[in-house]
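See structure below.
The values are calculated or read from the model by the stated rules, or taken from the named source; none is laboratory data. Please read all numbers here as calculations on a predicted model, not as lab measurements. With ideal geometry, Cβ positions are generated from the backbone for all residues, glycine too; neighbour counts draw on all protein chains shown.
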Amino acid sequence: MSSQSNKPRLMLIDGFGLIFRAYHAVPPGLVTSRGELTNATFGFTSMLLEVLRREMPQYIVMAFDTGRTFRHDDYVEYKANRSEMPEDLRGQLARIREIVEALGISIHEAVGFEADDVIGTLARQAEMMGLEVLIITGDNDLLQLVNKHTHAALPGAGPKARFSEVRYFDVDKVKEKYTFSPEYIPDYKAITGDKSDNIPGIPGLGEVTARKLINLYGHLDNIYAHLAEIKPPKVQTALETFREQALKSKYLATIVTEVPIKLDLDMARAHQMDRDRVVNIFREVEFRSLLNHLPDAPAIVKASTKVSNKNEQLNLWDMPEVAPEAPETKPETESKYKLIRDSSALAKLVERVRQTSVLSFDTETTSEDPMRANLVGVSIAPTPDESYYIPIGHVKAVSSAVFELLPDQLEWEEVRPVLEELFNDSHIRKIAHHAKYDLAILQRHGMALERLDISFDTMLAAQIAGKTSSRLKDLAFEELGVEMTRIDALIGSGKNQTTMDRVPIETAGQYAAADADNTLKLVSVFEKDLSLNKLEKVFHEIEMPLIPVLTGMELVGVALDTARLGTLSTSLYQKISELEKNIFNEVGHQFNINSPDQLGKVLFEELGLQGGKKTATKKFSTDKKTLDTLRGAHAVVDLVLEYRQFGKLKSTYVDSLPLLLNLETGRVHTSFQQIGASSGRMSSNNPNLQNIPIRTEIGREVRRAFIADNISNKRLFGNDKAILVSADYSQIELRLLAHLTGDERLTSAFLANKDIHRATAADVFGIPEEQVTDDMRRVAKTVNFGIIYGLSAFGLTQQINITYQEAAAFIENYKAKYPSVWHYLESTPEEARKTGFVQTLFGRRRYMPELNAGNPILRKEAERAAINMPVQGTAADIVKIAMRRVWDALNSQKLRAKLLLQVHDELVFEAPESELPELAALVHTHMEAVEKDVQLSVPLKADLKYGLNWGEMEKYAL
């Protein structure tokens with residue numbers, strides 16, 4: 001809102017108005033890597049910075065409540081209906097105040113008065129000084145202060161509306177809202193009351209009557225002066241009966257404008273931010289995204305915090321007068337960053353690396369996809385604050401479509417063998433950030449690095465340490481205090497984005513060298529962090545050795561039968577069209593099935609199905625969870641779920657996979673996220689091969705399109721037919737559950753090599769195993785696999801066709817038969833609340849401050865995650881160890897087989913058929929031998945299959 005005159009403007013901010021708005025606007029799960037809850041702090045800060053950016057006032061004051069006020073003394077029920085401040089919000093108040101002070105915003109508060117009274121007093125003083133006033137609040141109460149010189153700004157309607165959806169109120173806007181001028185708002189509340197403040201009002205008289213009375217007579221005392229003429233009689237009687245209550249209510253609702261405080265314009269002057277302090281606070285709370293939102297005006301460091309009329313004993317904040325000094329934020333170092341443009345300089349760089357025995361490196365490329373990117377340059381840092389950039393692929397435009405190499409760059413063919421020898425020197429410590437990407441780039445460009453072991457990957461270290469971000473720029477800011485140049489500052493974004501090869505060499509050189517330098521500097525930070533949290537084994541023995549394995553898997557890729565996918569696409573189109581017709585027939589008319597809004601109206605309004613819940617946008621939720629609870633309620637529900645499943649498979653895999661074929665290799669190359677989940681489990685994307693369903697026929701049909709490739713393997717396999725081999729850990733999570741819980745029944749069943757689901761059914765139903773039916777086994781299997789995911793009786797009824805009573809009885813019997821398992825389910829979250837984390841058998845940790853969250857939904861989710869993580873995380877660790885050992889064995893025995901895919905507990909290989917016996921024995925041995933690493937009480941078992949495609953495989957018996 002721009003100023004209406006040339007007068008200077010004072011912005012008065014209702015502190016708690018913003019805080020409560022922020023608390024409800026930002027999800028409660030926002031936590032720093034050190035466990036500090038920050039949802040209210042982040043929301044408050046982002047709203048505040050948005051207001052500062054938009055309004056640009058000359059003066060700023062923020063007002064806070066201090067606790068009990070004169071209103072509580074005069075009316076014991078004042079605000080008595082309000083619940084206590086949530087603990088997870090109370091814990092953020094000190095941090096919020098610290099940010100306000102660092103931003104140079106003057107804080108005013110007065111003991112015995114509310115923030116509204118402070119704002120009202122300062123507003124009237126500012127008007128007397130000739131200033132315009134803008135009140136920033138989330139509370140309609142402050143609209144009574146609006147006049148010719150004072151306006152108010154409120155966020156949009158709804159508790160989660162942000163201040164970017166601002167509504168401005170001048171006198172006319174207030175009249176539009178209430179039908180009367182701002183000064184009559186206390187009279188209005190005297191009649192109608194105010195539920196939020198527990199102000200009573202006059203029983204029986206509502207908003208319409210209040211507006212009519214005020215528009216006829218004005219203030220409350222004048223209404224009572226004309227009491228005899230007020231009609232109908234029941235209104236007159238109500239006014240007379242509750243006269244004292246109405247007068248008391250007006251008194252409570254009226255903002256005081258004579259609080260004993262004084263507006264000090266020097267203290268309130270804007271642009272007095274202590275930027276260094278703000279930046280260091282942002283580092284602590286990991287608000288990297290807000291850095292660019294800081295005001296651009298020159299920062300003036302304040303000599304002390306600015307708090308007026310502060311009473312230490314009654315102040316809720318309990319903060320010291322001067323916050324401790326944070327570490328100084330360092331500028332990016334550039335003085336020792338050099339370009340390598342000729343052979344002589346390259347030779348000196350090699351010699352320097354050999355002197356330090358350290359090689360921190362990074363690549364600059366034209367794409368984030370390592371299978372399509374061109375190499376532009378390589379940066380190398382042999383020691384902190386000393387870094388070099390070797391440009392090899394920078395270009396300039398000759399025409400709109402033609403580019404040529406810039407001069408003063410080395411030829412890659414000259415650089416490649418020099419770097420290859422350096423990288424393969426085992427005496428040199430190799431360090432990178434996201435080394436898997438860099439190694440894939442360098443190998444695609446001809447460097448022989450297949451067996452290279454990286455010493456330290458700072459991205460992996462950050463992920464293992466539980467940092468909220470593992471991006472280099474974020475880590476440099478949070479851990480080193482360095483504000484690095486972001487990539488979009490060089491190549492732009494959106495439609496105007498270019499590529500790194502078109503960035504000037506000097507500019508790219510400083511950027512790239514800083515990447516290698518700060519990567520090297522982060523190593524010592526994370527070495528201490530990993531050591532402190534006893535995570536060295538996970539990092540050095542599980543994650544780091546896996547880098548060359550995953551790099552090789554991504555480079556090899558997997559072959560596709562595109563003709564099969566084309567046929568499947570046609571078949572799915574026909575099925576989807578048929579389902580669409582059936583849905584329309586059930587409903588009686590056509591509609592857009594893919595529109596949640598239209599589908600919600602059909603299900604819950606037209607068909608009248610029960611259980612419809614509306615989202616924040618006031619529309620019915622039709623997500624999978626909602627529809628799953630409605631299975632069987634109407635035929636259309638099951639049809640829609642099937643329609644969605646087929647549509648998703650068609651769009652996500654059947655139609656998309658052929659488009660992802662690499663033109664150079666003719667294969668699909670997924671990208672593996674080494675730590676794709678907080679449990680340590682891997683994931684994949686572009687395409688995601690982890691989520692292809694295996695239990696449905698259509699999912700198996702998609703898997704059949706992944707084939708053994710005799711064409712591209714001709715060079716490796718010769719005339720030997722190519723096959724796929726799958727090795728899958730059998731029931732690994734249940735085996736780990738048996739070990740973790742020490743449950744005698746589970747353990748003995750696995751030691752006896754029993755069918756665990758049949759054994760469980762026999763235990764729970766109390767019958768011999770030979771009498772267990774397929775339906776009984778199916779129930780036991782569902783519970784066995786769902787128990788560590790918090791499966792409830794209701795959840796069991798959703799997955800299998802039994803009644804709630806049957807499901808509840810089964811789970812109660814399970815508890816009785818497997819008490820050790822149930823003890824684990826109940827004790828693990830409680831133990832994690834004490835320690836702050838859960839961990840795998842190998843020591844991988846997940847810190848879980850959410851277990852103490854005030855939000856019960858968030859807390860329940862955290863409890864389920866705490867139960868699941870040790871099991872799923874240990875399984876992930878075992879798979880990773882097995883992958884490296886199998887990969888080493890393949891190389892040492894010089895087998896031609898290649899590891900292609902990892903999907904949860906399954907490894908997929910491509911091999912010449914003649915190697916099948918040797919490969920199967922090797923894989924089987926190394927996968928099962930991992931149990932010795934943690935001395936499991938039950939054996940690990942690996943099942944092997946082979947075939948010409950991934951969906952049709954037969955069991956291989958050793």
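Do you know which residues across the range 520-541 are hydrophobic (A, V, I, L, M, F, W, C) and surrounded by 14 or more Cβ atoms within 10 Å (Cβ to Cβ)? Working first, answer last.
Going residue by residue through the range 520-541, those that are hydrophobic (A, V, I, L, M, F, W, C) are 520, 522-523, 525-526, 530, 532, 535, 538-539.
Listed by number, the residues that qualify are Leu520, Leu522, Val523, Val525, Phe526, Leu530, Leu535, Val538, Phe539.
Considering the range 321-366 alone, what residues qualify as being within 31 Å of the chain's Cα centre (by Cα) and modelled with pLDDT of 95 or more?
Ser360, Phe361, Asp362, Thr363, Glu364, Thr365, Thr366
If I ask for residues that are loosely packed, with under 12 Cβ neighbours inside 10 Å and either of a type in the set (D, E, K, R) or farther than 27 Å from Lys79 by Cα (or both), which ones from the range 198-224 would you list? If you could, list the steps in order and put the result at the bottom.
The initial filter retains those residues of the range 198-224 that are loosely packed, with under 12 Cβ neighbours inside 10 Å, namely 203, 208, 221.
Answer for the range 198-224, where residues must be loosely packed, with under 12 Cβ neighbours inside 10 Å and either of a type in the set (D, E, K, R) or farther than 27 Å from Lys79 by Cα (or both): just Asp221.
Taking the criterion of being of a type outside the set (Asp, Glu), in a helix (DSSP H, G or I), without any contact (Cβ under 8 Å) to a residue 60 or more places away in the chain and within 27 Å of Leu452 (Cα to Cα), would at least one residue in the range 538-555 satisfy it? Talk me through it step by step, then tell me what you get.
Taking the range 538-555 first, the residues of a type outside the set (Asp, Glu) are 538-540, 542, 544-553, 555.
Checking which are in a helix (DSSP H, G or I) leaves us with 538-540, 542, 544-553, 555.
If we keep only those that are without any contact (Cβ under 8 Å) to a residue 60 or more places away in the chain too, we end up with 540.
Filter once more, keeping what is within 27 Å of Leu452 (Cα to Cα): 540.
Yes: the range 538-555 contains one or more residues that are of a type outside the set (Asp, Glu), in a helix (DSSP H, G or I), without any contact (Cβ under 8 Å) to a residue 60 or more places away in the chain and within 27 Å of Leu452 (Cα to Cα).
Could you say whether any residue in the range 692-700 is of a type in the set (Ser, Thr, Tyr), crowded, with 17+ Cβ neighbours inside 10 Å and out of contact with any helix residue (DSSP H, G or I) (no Cβ under 6 Å at 6 or more places or on another chain)?
Here is the first cut: in the range 692-700, the residues of a type in the set (Ser, Thr, Tyr) are 696.
Those left that are additionally crowded, with 17+ Cβ neighbours inside 10 Å: none.
No, every residue in the range 692-700 fails to be of a type in the set (Ser, Thr, Tyr), crowded, with 17+ Cβ neighbours inside 10 Å and out of contact with any helix residue (DSSP H, G or I) (no Cβ under 6 Å at 6 or more places or on another chain).
In this structure, does Tyr814 turn out to be among the aromatic types (Phe, Trp, Tyr), surrounded by 15 or more Cβ atoms within 10 Å (Cβ to Cβ) and either over 31 Å from the mean Cα position of the chain (by Cα) or at pLDDT 90 or above (or both)? Write out each step before concluding.
On the way: among the aromatic types (Phe, Trp, Tyr): yes; surrounded by 15 or more Cβ atoms within 10 Å (Cβ to Cβ): yes; either over 31 Å from the mean Cα position of the chain (by Cα) or at pLDDT 90 or above (or both): yes.
The answer is yes for Tyr814.
Going through Ser914, Ser937 one at a time, which residue ends up being small (Gly, Ala, Ser) and in contact with an Asp or Glu (Cβ under 8 Å, 6 or more places away or on another chain)?
On the way: Ser937 fails: in contact with an Asp or Glu (Cβ under 8 Å, 6 or more places away or on another chain).
Criteria check complete, one pass: Ser914.
Does any residue in the range 640-651 that is buried (at least 18 other Cβ atoms within 10 Å of the Cβ) come within less than 7 Å, Cβ to Cβ, of a residue that is among the polar types (S, T, N, Q) six or more places away or on a different chain, and which pairs are these?
From residues that are buried (at least 18 other Cβ atoms within 10 Å of the Cβ), the pairs are Lys650/Ser569.
List pairs: first in the range 146-165 and at negative phi, second modelled with pLDDT under 55, Cβ under 8 Å, 6+ apart or cross-chain?
His151/Met1; Ala153/Met1; Ala153/Phe163; Pro155/Ala161; Pro155/Arg162; Pro155/Phe163; Gly156/Arg162
Take the residues in the range 382-430 that are of a type in the set (Ser, Thr, Tyr) and over 16 Å from Lys338 (Cβ atoms), then tell me which one is modelled with the lowest pLDDT. Write out each step before concluding.
At the first step, the residues of the range 382-430 found to be of a type in the set (Ser, Thr, Tyr) are 383, 387-389, 399-400, 426.
Restricting the remaining residues to those that are over 16 Å from Lys338 (Cβ atoms) gives 399-400, 426.
Details: Ser399: 81, Ser400: 74, Ser426: 94.
The selected residue is Ser400.
Quick grid of which residues meet (1) among the hydrophobic types (A, V, I, L, M, F, W, C); (2) touching a strand residue (DSSP E or B) at 6+ places or on another chain (Cβ under 7 Å):
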site	(1), (2)
Ile675	yes, no
Pro687	no, yes
Arg695	no, no
Phe706	yes, yes
Ala727	yes, yes
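Tell me whether the range 240-253 contains one or more residues that are in contact (Cβ under 8 Å) with a residue 12 or more places away in the chain, assigned to a loop (DSSP other than H, G, I, E, B) and of a type outside the set (A, V, I, L, M).
Among the residues of the range 240-253, at least one is in contact (Cβ under 8 Å) with a residue 12 or more places away in the chain, assigned to a loop (DSSP other than H, G, I, E, B) and of a type outside the set (A, V, I, L, M), which makes the answer yes.
Yes/no per residue for (1) surrounded by fewer than 14 Cβ atoms within 10 Å (Cβ to Cβ); (2) part of a loop (DSSP other than H, G, I, E, B); (3) within 29 Å of the chain's Cα centre (by Cα):
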position	(1), (2), (3)
His589	yes, yes, no
Asn594	yes, yes, yes
Glu605	yes, no, no
Gly608	yes, yes, no
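Output the number of residues of the range 746-793 satisfying the condition of being in contact (Cβ under 8 Å) with a residue 60 or more places away in the chain and within 13 Å of Ile811 (Cβ to Cβ).
Adding up the residues that qualify gives 1.
Determine, yes or no, whether Leu689 is without any contact (Cβ under 8 Å) to a residue 40 or more places away in the chain and either over 30 Å from Ser914 (Cα atoms) or part of a loop (DSSP other than H, G, I, E, B) (or both). Outline the logic, then answer.
Numbers: without any contact (Cβ under 8 Å) to a residue 40 or more places away in the chain: no; either over 30 Å from Ser914 (Cα atoms) or part of a loop (DSSP other than H, G, I, E, B) (or both): yes.
Considered against the rule, which asks whether it is without any contact (Cβ under 8 Å) to a residue 40 or more places away in the chain and either over 30 Å from Ser914 (Cα atoms) or part of a loop (DSSP other than H, G, I, E, B) (or both), Leu689 comes out as no.
Tell me which residues, restricted to the range 864-914, are basic (Lys, Arg) and either free of Cβ contacts under 8 Å to residues at least 24 places away in the same chain or not in a helix (DSSP H, G or I) (or both). Lay out the reasoning, then the answer.
Taking the range 864-914 first, the residues basic (Lys, Arg) are 864, 880, 884-885, 894, 896, 898.
The answer is Lys894, Arg896, Lys898.
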